[in-house]
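Each remark here refers to the structure printed beneath this line.
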There are 2 protein chains.
Amino acid sequence: MKKIDGGVTAAKGFEAAGTAAGIKYKDRKDMAVIYSRVPCKAAGVFTSNVVKAAPVLWDKNVVEHSAYAQAVVINAGIANACTGAAGYDCCKKTAERAAQRLDVSEDAVLVASTGVIGMQIPVEKITAGIEELARIKSEGREAGRMAAEAIMTTDTVSKEAAVQFEIDGKTVTLGGMCKGSGMIHPDMCTMLGFVTTDIAISKELLQEALREDVKDTFNMVSVDGDTSTNDTLLVLANGMAGNEEITSKDERYGQFVEALHIVNETLAKKMAGDGEGATALFETRVIHARTKEEARILSKSVICSSLTKAAIFGHDANWGRILCALGYSGVSFDPENIELFFEGEGNPSQGGGNPSQGMDRRIQIYKDGAAADYSEEEATQILSLPEVRVVVDMKMGDCEACAWGCDLTYDYVKINADYRS
Amino acid sequence: MKKIDGGVTAAKGFEAAGTAAGIKYKDRKDMAVIYSRVPCKAAGVFTSNVVKAAPVLWDKNVVEHSAYAQAVVINAGIANACTGAAGYDCCKKTAERAAQRLDVSEDAVLVASTGVIGMQIPVEKITAGIEELARIKSEGREAGRMAAEAIMTTDTVSKEAAVQFEIDGKTVTLGGMCKGSGMIHPDMCTMLGFVTTDIAISKELLQEALREDVKDTFNMVSVDGDTSTNDTLLVLANGMAGNEEITSKDERYGQFVEALHIVNETLAKKMAGDGEGATALFETRVIHARTKEEARILSKSVICSSLTKAAIFGHDANWGRILCALGYSGVSFDPENIELFFEGEGNPSQGGGNPSQGMDRRIQIYKDGAAADYSEEEATQILSLPEVRVVVDMKMGDCEACAWGCDLTYDYVKINADYRS
């Protein structure tokens, strides 16, 4: 199992493209396509929000009722959410035109949108964009990168990941891209994620692997607690690796699940670290919890706490806010019995300078119901690193979970007070 | 039932004081006392956080096991939370000294703290503060105001309310004060609230009236979603109005509940409007919901949404975020069927100028699954008023609820990144 440089075009037979179709203002890229040369098994998980965007409704239908999918058309700039019948019609027109231009079945076209809620997408811009995407789509590293850039909104960097492993002596590749920076509190998961693979696997197992893995990856990310109307994570498997199709939960399925987890976790962490206005990736790892579900609830409560997030931005070891967030999570525990640690990774963002400061560092900050004997100065140094981790030892069992968020900054407010302007 | 100018000294027989005891840095007021000349029935509701501050544990014991309470000693600056056995001992020493100096029973002394979590309070400063408070405490408007100022932390204004009504031909007065600006998401209920009244009522009915009313008042407020370790709301009733004691849910009980609701709601709204960094009070009123509980969940989900709060700060009618927050609240509904309105009150903060712009204004922004035909300019004007309200018509039943929050601003981040510095 090795990580490789790549995205949605890393697996065999997948092509992609990104272009500027004029949906965003100015000449910024805002449309992408993913295309497989052969039909794919498709799996998807979608927002739990009662208010679902039109593309979510469209894709749920395709994933549930079509035997195969072969293309995904994605736009940024307008979310096509809260757009009524006209919004759904836009999805249909998108699928029609893509089917025609890519020579695939209409019910094999998935669509995804991200951007402002409540505006209608100008359909003529979408159809013109499809013409261009069909013309320029291609295999190769650069095509995947173009697609990853075209789906960004307030993201500051594009997000891709890929792994390779062997099954039946065949090389299998799994690659993905995602976008997401604000309105991020996936609960499936305006997070859009797309994973492509050349593995041969049954549709049922593909869906199950995805459904299980998001619980520990995308669903453990929060930027602002707002679960979007558009969250979508799709996996396309086209079978071109040439392995015998996986149809039971054998060792090969285990390998696929491990690979999927690596790609999903890598993408999820990239999303959290690039949260709107973020200066740091903020991770909370809960260990020795009674149950996996309690570990998830506790870790997510900490990374969602506005006060804790603001303290991380201020490099302030205000651990009382962490204990407070654990306390209101809904999980019962004895505060006197737990322990807290701060860990930091990476090179301090300020000044660059001495690389020896960039080594992993760890201090205990709380035990026996009160502050541990730590140095505020050292705590502040750790909290100034680009990856900050809180480790919570519940000392109650042997389950653990990890959640990812970011700090709360002036720029988060600025971005979201001005978003539509 | 009439609102009057007043606070915790408005009711007969109550005295108060505020002083600077040196717990906060510089010479800012940081200690207050409330004292009744005769013993009071006491009721209290406290934080639901598993991590409870020492004063919360102390007060729960007094409210549950003491027949009477007669004094409350409050400090700001240090929360006495996550302080272990030493923290509880500080509460005991506070009660001992107050009992001695005020000539009341030790188990009739309530304590409350707000401020930084995890630090120990210097007990000698508390005892010296009690000496001073005992010396200067008095009746009258000014004494109540001093106490209200002394319990502030990041609050920018002190918060008081009082009402008067008649029972059995006797004038009954109810007055209160509260503090709270950050770590505010009461779920009883660092919000501290204190209500005093001269009504004669049984302890059981006093507690029940309080427990029921906070569901629609303090528990419907959120500044940042963080439920504090210290939330405390206490009511003291000393019976000095001279009415026959209320011991059943008669008409007089109904009058008391109405008065309590007015004081609690007034204090709760003042707290929300003075949320850390806030420039506007942000209210969400859900009408025609199926159940009261669903109305509460929906309204609270909107005022808790970081994205919606940032949009209010930006005076941006980004109603998609409101619909999104309703959608992930956990309540099921048909998004095509609901309607949204913006309302605004008060004089525009900018410029002052023309008072005729300060009249109440209302526009419809969403119906039939899509944007209503409104003017963005008018929406922006309404969202620039100091009190902004979203009205959500669920069209599903006849229940309603109201929740109060504030906008999310640069100053919220600044205050909380720097809080301990």
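The values are calculated or read from the model by the stated rules, or taken from the named source; none is laboratory data. All values derive from a computational prediction rather than experimental measurement. All Cβ positions, even for glycine, are placed from backbone atoms using ideal geometry, and neighbour counts span all protein chains on display.
Remarks
- Number of positions in region B:382-421 that are farther than 22 Å from B:Met271 by Cα and aliphatic (A, V, I, L, M): 3
Results for (1) part of a loop (DSSP other than H, G, I, E, B); (2) surrounded by fewer than 24 Cβ atoms within 10 Å (Cβ to Cβ); (3) outside the structural domain of B:Asp198 (by TED's automatic domain parsing), shown as yes or no for each residue.
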| site | (1), (2), (3) |
| --- | --- |
| B:Gly7 | yes, no, no |
| B:Lys26 | yes, yes, no |
| B:Ile34 | no, no, no |
| B:Cys40 | no, no, no |
| B:Val45 | no, no, no |
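- Scanning region A:369-388 for residues that are part of a strand (DSSP E or B) and touching a Ser or Thr at 6+ places or on another chain (Cβ under 7 Å) yields a count of 1.
- Scanning region B:204-227 for residues that are touching an Asp or Glu at 6+ places or on another chain (Cβ under 9 Å) and either not hydrophobic (A, V, I, L, M, F, W, C) or not in a helix (DSSP H, G or I) (or both) yields a count of 7.
Yes/no per residue for (1) closer than 21 Å to A:Arg211 by Cβ; (2) within 14 Å of chain B (Cβ to nearest Cβ):
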| site | (1), (2) |
| --- | --- |
| A:Ala21 | no, no |
| A:Thr47 | yes, yes |
| A:Ala67 | yes, no |
| A:Ile78 | no, yes |
| A:Thr83 | no, yes |
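- Tabulated pairs, region B:145-167, first assigned by TED's automatic domain parsing to the domain that holds B:Val235, second part of a helix (DSSP H, G or I) and among the charged types (D, E, K, R), C-beta under 6 angstrom, 6+ apart or interchain: B:Ser158/B:Glu149; B:Lys159/B:Lys270; B:Ile167/B:Arg252
- Residue match in region A:406-421 (condition: farther than 18 Å from A:Lys300 by Cα, among the hydrophobic types (A, V, I, L, M, F, W, C) and touching an Asp or Glu at 6+ places or on another chain (Cβ under 8 Å)): yes
- Scope region A:294-338; condition under 24 Å from A:Glu376 (Cα atoms), at the interface with chain B (Cβ under 7 Å from one of its Cβ atoms), part of a loop (DSSP other than H, G, I, E, B) and touching a Ser or Thr at 6+ places or on another chain (Cβ under 8 Å); matching residues: A:Gly314, A:Asp316, A:Asn318
- Check on A:Phe218, modelled with pLDDT under 90, hydrophobic (A, V, I, L, M, F, W, C) and farther than 19 Å from A:Ala17 by Cβ: yes
- Note on region B:218-273: residues that are under 15 Å from the mean Cα position of the chain (by Cα) and more than 14 Å from every other protein chain (Cβ to nearest Cβ) total 21.
- Within region B:88-139, considering residues that are small (Gly, Ala, Ser) and touching a Leu at 6+ places or on another chain (Cβ under 7 Å), the one nearest to A:Glu376 (Cα to Cα): B:Ala112
- Members of region A:361-412 found to be in contact with a strand residue (DSSP E or B) (Cβ under 8 Å, 6 or more places away or on another chain), among the acidic types (Asp, Glu) and farther than 19 Å from A:Val286 by Cβ, listed by number: A:Glu378, A:Asp407
- A count restricted to region A:153-205 and to residues that are of a type in the set (A, V, I, L, M, F, W, C), at pLDDT below 90 and surrounded by fewer than 24 Cβ atoms within 10 Å (Cβ to Cβ) stands at 2.
- Test: B:Arg135 is more than 14 Å from chain A (Cβ to nearest Cβ) and either buried (at least 16 other Cβ atoms within 10 Å of the Cβ) or touching a His at 6+ places or on another chain (Cβ under 7 Å) (or both): no
- Hey, A:Ala99 modelled with pLDDT of 95 or more and either of a type in the set (D, E, K, R) or touching a strand residue (DSSP E or B) at 6+ places or on another chain (Cβ under 8 Å) (or both) or not: yes
- Residue ranges of helices (runs of 4 or more DSSP H) in region B:80-163 with at least 3 members more than 23 Å from B:Asp27 (Cβ to Cβ): B:84-102
Conditions tested, residue by residue: (1) part of a loop (DSSP other than H, G, I, E, B); (2) within 24 Å of B:Ser306 (Cα to Cα); (3) at pLDDT 90 or above.
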position: B:Gly351; (1), (2), (3): yes, no, no
position: B:Gln357; (1), (2), (3): no, no, no
position: B:Gln364; (1), (2), (3): no, yes, yes
position: B:Val392; (1), (2), (3): no, yes, yes
position: B:Val413; (1), (2), (3): no, yes, no
position: B:Ser421; (1), (2), (3): yes, no, no
